[in-house]
Each structure stands twice: as structure tokens, then as C-alpha cells.
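Worksheet: one structure, shown below.
The values are calculated or read from the model by the stated rules, or taken from the named source; none is laboratory data. Predicted, not measured: the structure shown is a model, and the values here were computed from it. Glycine gets a Cβ as well: all are built from the backbone with ideal geometry, and neighbour counts include every protein chain shown. Ligands, DNA and RNA are stripped out before the accessible areas are found, and what is left, the full protein with its side chains, is counted by its heavy atoms. Shrake-Rupley method; radii C 1.70, N 1.55, O 1.52, S 1.80 Å.
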Amino acid sequence: MAMCGRFVMLTYDEVVDVIRSIQMDTPYIIEPDWPARRPSAYPGSIVPIITPDEGLLVPQDLKWGFEVEWRKGLVFNTRIDLALGPKAGMWKKPIAEGRCIVATAGFFEPHASETIRSSRTGKEIKRQYFFETPGNHPTFLAAVRNENAFSVVTTEPNRWVSPIHDRMPIVLERQDIPLWLEGDFETLADRSRTVLEAAPVDELEAAERPAQQQLF
């Protein structure tokens, strides 16, 4: 089942402010009505991500999804267990040298069985759920990158996501960021203690997209 194929972007300027707050160890609160309508990112979108650079954090615009010759479409999720396993393949270098962060306002997952009727087609579609960090704080997603693109890293779902979906992005808490970027990050695959808020999304609120390819 496809997963983590949509999240709510922060603007480039907001990402710069988030970086400043991380480096100064001060809180950053997302203004709920600014911009009035934040865009959603989908595979292929250009997104400002956060990358380490000689001890500093810098914003970098990259495309969401790796292009590969042997597969149609973009590979936009990376399973942490595969990337750290003996058959890491294309993920070996990105997980070792290209770890980065995506600062978002939250992400979407389709429910495994719950459906709603599409007002556009009249067909039953999977209901989307929106997940976010409590308190209007940014929701940080672990990611890996190459020169041109990034991929969101996924793991086993915690108790907030498991009723909806069988995978989830690695959602980083503020104190996890140095560990993901520069430390023994393998322990971060366990997100059982990461608290999220979830809410169903009405069909009129969620832009319908073509079904994504099966993910890694």
C-alpha cells in the first residue's frame, strides 16, 4: 500500500526561521493562518529541506523522489530496515552520507479500509488522515538525499498511526535532530514514544491524486 505520498510544505522563509530556531535552541510555532493556504507537497514537488553543512544547517531545494532506470515513476520513500540491511542497494550511500530533514506542518496517510465517496468521480476512495506534532510545532521528517532529490524515511507505525496505516515516516523530535544528522541514528527507527495528533480529512479538503506506485 502506498504511504507518505503527501505532506504540507513550509515556505522557504519558514524553513530558514526553523533552522534559526534549531541552532539557537528556541521554540518555533507555526502560525496556523500564515500563509493562508500552505501548499501540499507530492512526489515530484520541489521542497526546501534542511541539510547539514560544515557544522551548520542550511536550506536546500530538492525534488521529492529519486529517479531510477528500472522503475516507472519516482521512489519517494525509504524503508529504514532496508537501508540499514545487507541489501541496501541504492540506499547505502544516501543513508550513510545524505541524511537530512524535512520540516513540515504535518503529513497525510490513507486509511487501510475506511473510505469516502468522491464528489468528483462518485467512486469510493480511501479516507486520508492528517498527522501533526501537537502545539503547532513543525513536524520533522527524517529523509535521505542525493545531489538532486530526497526521499522520506519510513519505519513501523506507532500507536497513533497503526490504526490507520502499516508504515509511518520517522518523525523526529527536536532533540533527535543532531542524532539523525550526525550520530548513531539507528535507534531512531523506534517511534513508539513519539506523540502525534491525527484527524480525518474530508474529501473536499484533500486533493485527489493518482494512485502512487508500491513503495520500498
Item to complete: Answer yes or no: is there a residue in region 149-156 that is of a type outside the set (D, E, K, R) and open to solvent by 10 Å² or more (accessible area, probe 1.4 Å).
Response: no
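Here is a yes/no grid of residues against (1) in a strand (DSSP E or B); (2) surrounded by 12 or more Cβ atoms within 10 Å (Cβ to Cβ):
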residue: TRP70; (1), (2): no, no
residue: LYS87; (1), (2): no, no
residue: ILE95; (1), (2): no, yes
residue: PHE107; (1), (2): yes, yes
residue: SER113; (1), (2): yes, no
residue: ILE116; (1), (2): yes, yes
residue: SER119; (1), (2): no, no
Worksheet item: Got at least one residue in region 80-96 being within 30 Å of ASP202 (Cα to Cα) and touching a strand residue (DSSP E or B) at 6+ places or on another chain (Cβ under 8 Å)?
Response: no
Fill in: Subset of region 121-133 (residues that are open to solvent by less than 60 Å² (accessible area, probe 1.4 Å) and either closer than 18 Å to PRO163 by Cα or among the aromatic types (Phe, Trp, Tyr) (or both))
ILE125, ARG127, GLN128, TYR129, PHE130, PHE131, GLU132, THR133
Response to the item:
Over region 45-68, the set of residues farther than 30 Å from ASP25 by Cα, at pLDDT below 95 and in a loop (DSSP other than H, G, I, E, B) is VAL68
Discussion item. Can you tell me which condition ASN148 does not meet? The list is (1) of a type outside the set (A, V, I, L, M, F, W, C); (2) touching a Pro at 6+ places or on another chain (Cβ under 8 Å); (3) modelled with pLDDT under 95, and all the others hold.
Written reply: (2)
